[in-house]
1. Residues that are surrounded by 12 or more Cβ atoms within 10 Å (Cβ to Cβ) and modelled with pLDDT under 95: does region 50-58 have at least one?
2. Quick one: which helices (runs of 4 or more DSSP H) sit completely within the chain and have at least 2 residues that are in contact with a strand residue (DSSP E or B) (Cβ under 6 Å, 6 or more places away or on another chain) and of a type in the set (G, A, S)?
3. Go through (1) among the small types (G, A, S); (2) on the phi < 0 side of the Ramachandran plot; (3) at pLDDT 95 or above one by one and return the number of the condition G23 breaks.
4. Note down all Cβ pairs under 7 Å where the first residue falls in region 30-54 and is of a type in the set (A, V, I, L, M), the second is in a loop (DSSP other than H, G, I, E, B), and they're at least six residues apart or on different chains.
5. I'd like to verify a number: residues in region 8-17 that are over 16 Å from V62 (Cα atoms) and of a type outside the set (S, T, N, Q), how many?
6. Would you mind finding the one in L30, L41, L72, L17 that is closer than 28 Å to E2 by Cβ, surrounded by 13 or more Cβ atoms within 10 Å (Cβ to Cβ) and modelled with pLDDT under 95?
Amino acid sequence: MENKHEPQAIAYLFRILDVGGQGKLTSLTLRYFYDGIEDKLRASDNDIPSFENVLNEIFDMVRPANPHYITLDDLINW
């Protein structure tokens, strides 16, 4: 994807990730995607990080306004 740092591109990807249409990415939403790739990661014979570690890394990087979910504004302002 070109221009992946542009607000329009971030908004496009956010709408894909926001499967519940809530306008926020919660730990449950992120768990859904983690679970979707967990088996593939395990099959690669590499050590995989726990979901909790991945979740903490994401929230530490984004530093959302609310510590319980990430909004589109959080990502655009990141």
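1. So in region 50-58, the residues surrounded by 12 or more Cβ atoms within 10 Å (Cβ to Cβ) come out as 51, 54-56, 58.
Pick out the ones that are also modelled with pLDDT under 95 and you get none.
No, every residue in region 50-58 fails to be surrounded by 12 or more Cβ atoms within 10 Å (Cβ to Cβ) and modelled with pLDDT under 95.
2. Values: elements: 7-17, 27-43, 51-62, 72-76.
Passing ranges: none, list empty.
3. Exception for G23: condition (2).
4. Once the first residue is of a type in the set (A, V, I, L, M) and sits in region 30-54, its partners that are in a loop (DSSP other than H, G, I, E, B) give L41/I48.
5. Summing the residues that are over 16 Å from V62 (Cα atoms) and of a type outside the set (S, T, N, Q) in region 8-17 gives 4.
6. Values: L30 fails: modelled with pLDDT under 95; L72 fails: modelled with pLDDT under 95; L17 fails: modelled with pLDDT under 95.
Step by step, each of L30, L41, L72, L17 is checked, and only L41 is closer than 28 Å to E2 by Cβ, surrounded by 13 or more Cβ atoms within 10 Å (Cβ to Cβ) and modelled with pLDDT under 95.
The values are calculated or read from the model by the stated rules, or taken from the named source; none is laboratory data. Keep in mind that what you see is a predicted model, and the values were worked out from it rather than measured. Every residue, glycine among them, receives a Cβ derived from its backbone with ideal geometry; neighbour counts consider all protein chains shown.
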